[in-house]
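One structure below.
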Amino acid sequence: MDSAENIARLLVVLGGTYTILGMLFAAAFVTRGIDRLDPAARGARWSFRLLILPASALLWPLLLRRWATGQQAPPRERNAHDRAAAASPLEDRA
């Protein structure tokens, strides 16, 4: 067997495993987890839950960590724009 073929097989197995785990997680997340993670989603219709199912399957490691820690809001982004706005002497105009 060629080493490129071995790498391709490994990538297929890893991708399949990631997808299967993601779909299993997404099924649990859209039925129970979203209610705990996002208070605005409590009582949401099934059409909304089906809409977020693919993204939940794709982003399952991030959502699993937030669900496991009970973190409801995403972490605050820290970038150059945010730091400059915080250091600005001007008041908030919004």
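So here's what we get for this one:
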quantity	calculated
Residues of the range 67-87 that turn out to be assigned to a helix (DSSP H, G or I) and loosely packed, with under 10 Cβ neighbours inside 10 Å, as a count	7
Residues satisfying the stated conditions in the range 52-93, i.e. among the aliphatic types (A, V, I, L, M) and farther than 25 Å from THR17 by Cβ	ALA73, ALA80, ALA84, ALA85, ALA86, ALA87, LEU90
Scope the range 29-51; condition of a type outside the set (D, E, K, R) and surrounded by 14 or more Cβ atoms within 10 Å (Cβ to Cβ); matching residues	PHE29, VAL30, GLY33, ILE34, LEU37, ALA41, ALA44
Those residues of the range 1-56 which are assigned to a helix (DSSP H, G or I), free of Cβ contacts under 8 Å to residues at least 24 places away in the same chain and under 19 Å from GLN71 (Cα atoms), in sequence order	ALA28, THR31, ARG32, ILE34, ASP35, ALA40, ALA41, ILE52, ALA55
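Each value in this text was obtained by applying a stated rule to the coordinates, not by laboratory testing. Everything numeric in this text was worked out from a predicted model, so none of it was measured. Glycine also receives a Cβ, built like all others from the backbone with ideal geometry; neighbour counts cover every protein chain displayed.
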